[in-house]
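*Asks:* Can you read through this structure? Questions will come right after.
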Amino acid sequence: MKTHYILFAIVYALLLTACTPTHRDSEWLKQAEEHFDAGRTDSILTYLYKINENRLSEEEQRTFFRMKFATFIQTDPEGYKQMKELADYYQQQKDTAHLQTMRKSLYRDYNFREKYVQADSVLNEIQRTYIHRKDTNGILWSYSMKAHLHESGGRIDSALYYIDKRMEAEKNHPKRKYRLYQKAQLLLKTQAYAEVEALLDSAKAIALEEKDEEFVYHLTPYYQQLYTGQRQYAKALQTIQDSRKYMMRKDAASHNLYKAQTFELMHREDSARHYYDVVAKSENLFLASEAIYHLSRLAEADDDPEKAYLHHQDATGYIDQVYRAYQSQAKNNAFNELKWQSEIDNLKISRQRYIITALSLVLALSLLIASGIILFQRKKRKEMEIRQIMVEKENQLLRQAEELSQFREKANTLREELIRRMEVFQKVPCMNEVTGEATSTISLSKEDWKEIMTMMDNQYDHFTLRLKKAVPALTTGDIQFCCLLKININMQDLANIYHINKESVSRKKQRVKAKISNELIQGYTLDEFIQRF
């Protein structure tokens with residue numbers, strides 16, 4: 001008997017654990033935090049976009065906004081205000097790790113807005129914290145950010161100073177070649193060509209020693225700028241030609257573009273046009289559009305306005321094509337994300353049902369074993385135990401019925417969410433979660449009604465067909481009205497859709513209800529009947 005009770009308790013505990021609903025937004029927040037700690041930006045954003053911050057606790061909201069601001073730049077005033085509030089909160093709590101995260105977000109925001117003085121002030125606070133903690137990596141990071149900030153503000157000398165400080169601290173660092181290249185890039189703006197060439201050669205030597213051919217080819221446009229800036233066009237061309245052995249297939253278009261630009265500087269327009277034509281036919285739409293613009297400019301210089309216009313139109317067409325492709329991809333991604341999430345939720349529901357079925361089988365098996373044991377007990381004890389088992393079994397079935405009802409409610413919620421996202425229901429304020437603004441009239445076209453009825457049949461098991469079959473007296477307009485009741489459109493929106501007042505809506509309900517037989521409606525209101533149908 002003890003074995004039976006223990007087994008029954010284990011099964012009951014597993015069943016409750018498997019079927020207990022979880023707070024979805026909190027779970028998504030935990031998933032996002034795991035990806036945040038691992039530095040996986042795309043995965044972080046995937047979960048952050050799903051979360052409704054209004055359903056989170058106060059502490060969870062702080063975590064949500066901290067990750068949100070740390071992942072991408074906020075440019076709206078409200079976002080800046082929240083960043084400041086979070087930074088002040090973490091400073092009061094002496095939470096230095098999260099405080100640094102928010103300060104970095106503020107720095108990026110100031111830099112993005114080109115408020116370089118404020119950005120420098122925040123960066124100084126971050127740097128002081130790293131120095132106080134003797135965090136070498138953090139201090140080196142601050143040097144890089146200082147260099148980038150002063151470069152953005154046009155203070156090249158200050159930017160070079162911080163790059164030199166980082167290079168001095170990383171004399172044998174594996175990424176030294178990137179610092180050399182970064183410094184050379186800045187010095188190009190000051191036309192310090194001798195020093196630029198030495199830096200590029202040093203970076204190239206390190207890359208060749210490491211067999212990093214991709215980085216070697218990455219230096220090509222800077223060598224080109226170096227030599228063309230000194231009017232050494234032949235040397236620039238030779239450098240571009242020599243870089244072919246480090247070039248990858250994807251670099252072919254950019255390689256030809258470097259040649260075309262150099263030939264154009266040499267006033268060899270025919271050669272420049274040839275290579276621009278080659279780039280214009282490449283699969284890289286961005287480089288192709290740039291090459292066509294150059295061809296258009298050369299045609300203008302040759303007093304050929306018609307040809308220049310055609311080239312300009314081609315370039316504009318490429319840009320439009322890229323924009324349309326990105327726009328289409330963004331829409332497809334949003335749709336697929338919603339579709340995948342719906343499929344995931346359905347799988348979760350199916351999994352819960354399988355768990356319940358399996359545990360029910362285990363429970364039945366445990367009861368069978370217990371019944372075998374009970375046969376060896378005394379008669380009175382056996383009758384009492386059988387009675388207790390039956391009571392427990394009935395309770396278990398009741399719980400399972402409640403859980404199945406919960407799963408049906410979840411499925412209805414998911415169905416309503418999908419319905420709300422349909423374009424036609426964006427016209428109805430009560431279905432529009434984004435605005436929810438009231439409007440005096442709502443206009444639904446024949447196509448809208450057709451889409452609504454098709455959706456109702458798809459989502460509610462041929463709802464309109466079943467309703468028409470059950471109540472033949474209903475007209476098409478009556479069935480359309482019932483469709484709106486099925487998805488809980490409120491009285492005000494119903495009045496706006498049919499351009500009548502609320503009292504007329506109530507009378508319309510009574511007329512529709514009168515067409516339904518008492519045997520079917522059984523004392524329910526029309527709304528209750530439609531929801532149960």
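*Asks:* On the given criteria, is ALA401 open to solvent by less than 60 Å² (accessible area, probe 1.4 Å), under 30 Å from ILE487 (Cβ atoms), at pLDDT 70 or above and assigned to a helix (DSSP H, G or I)?
*Replies:* When the stated conditions are applied, ALA401 passes them.
*Asks:* For the stretch 246-295, give me each residue that is under 36 Å from the mean Cα position of the chain (by Cα) and either assigned to a loop (DSSP other than H, G, I, E, B) or at positive phi (or both).
*Replies:* Within the stretch 246-295, MET247, MET248, LYS281, SER282, GLU283, ASN284 qualify.
Residue-wise test of (1) in contact with a helix residue (DSSP H, G or I) (Cβ under 6 Å, 6 or more places away or on another chain); (2) assigned to a helix (DSSP H, G or I); (3) without any contact (Cβ under 8 Å) to a residue 24 or more places away in the chain; (4) under 20 Å from TYR143 (Cβ atoms).
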| position | (1), (2), (3), (4) |
| --- | --- |
| ILE163 | yes, yes, yes, yes |
| MET167 | yes, yes, yes, yes |
| LYS171 | no, no, yes, yes |
| ARG179 | yes, yes, yes, yes |
| ALA184 | yes, yes, no, yes |
| VAL196 | yes, yes, no, no |
| LEU200 | yes, yes, no, no |
| LYS211 | no, no, yes, no |
| VAL216 | yes, yes, no, no |
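*Asks:* Quick check on the stretch 511-520. Is at least one of its residues under 22 Å from MET431 (Cβ atoms) and basic (Lys, Arg)?
*Replies:* no
*Asks:* Further question on the same structure: Search the stretch 514-533 for residues that are in a loop (DSSP other than H, G, I, E, B) and pair each with any residue that is open to solvent by 60 Å² or more (accessible area, probe 1.4 Å) and among the charged types (D, E, K, R) when their beta-carbon atoms are under 8 Å apart and the residues are at least 6 apart or on different chains.
*Replies:* Partner pairs satisfying both residue conditions: TYR524/ARG532; THR525/LYS513; PHE533/ARG466.
*Asks:* Please state which of the following conditions THR20 fails to meet, knowing it meets all the rest: (1) surrounded by fewer than 12 Cβ atoms within 10 Å (Cβ to Cβ); (2) of a type in the set (Ser, Thr, Tyr); (3) modelled with pLDDT of 80 or more.
*Replies:* THR20 satisfies every listed condition except (3).
*Asks:* Now a separate question. Considering only residues of the stretch 466-498 that are of a type outside the set (S, T, N, Q), part of a helix (DSSP H, G or I) and touching a residue at least 40 places away in the same chain (Cβ under 8 Å), which is farthest from LYS509 (Cα to Cα)?
*Replies:* It comes out as ARG466.
*Asks:* Select from the stretch 271-294 the residues that are modelled with pLDDT of 85 or more and acidic (Asp, Glu) and list them in ascending order.
*Replies:* The one that is modelled with pLDDT of 85 or more and acidic (Asp, Glu): ASP277.
*Asks:* May I pose another question? I'd like the residue in the stretch 431-458 that is of a type outside the set (D, E, K, R), assigned to a helix (DSSP H, G or I) and at pLDDT 75 or above and, out of all such residues, is farthest from THR475 (Cα to Cα).
*Replies:* For the stretch 431-458, the residue satisfying everything is ASN458.
*Asks:* Next up: Only residues that are touching a residue at least 12 places away in the same chain (Cβ under 8 Å) and basic (Lys, Arg): list them for the stretch 358-399, please.
*Replies:* Across the stretch 358-399, the qualifying residues are LYS393, ARG399.
*Asks:* For the list (1) assigned to a helix (DSSP H, G or I); (2) within 18 Å of VAL196 (Cα to Cα), I need the number of the one condition that ARG231 fails.
*Replies:* Unmet condition: (1).
*Asks:* Which condition breaks for ILE369 when tested against (1) open to solvent by less than 80 Å² (accessible area, probe 1.4 Å); (2) over 30 Å from GLN406 (Cα atoms); (3) modelled with pLDDT of 75 or more?
*Replies:* With respect to (1) open to solvent by less than 80 Å² (accessible area, probe 1.4 Å); (2) over 30 Å from GLN406 (Cα atoms); (3) modelled with pLDDT of 75 or more, ILE369 is out only on (1).
The values are calculated or read from the model by the stated rules, or taken from the named source; none is laboratory data. Everything quoted here is computed from the prediction, not taken from an experiment. Heads up, the Cβs are rebuilt from the backbone with ideal geometry, glycines too, and the neighbour counts pull from every protein chain shown. Surface areas here come from the heavy atoms of the whole protein model, side chains and all, with no ligands, DNA or RNA. Shrake-Rupley method; radii C 1.70, N 1.55, O 1.52, S 1.80 Å.
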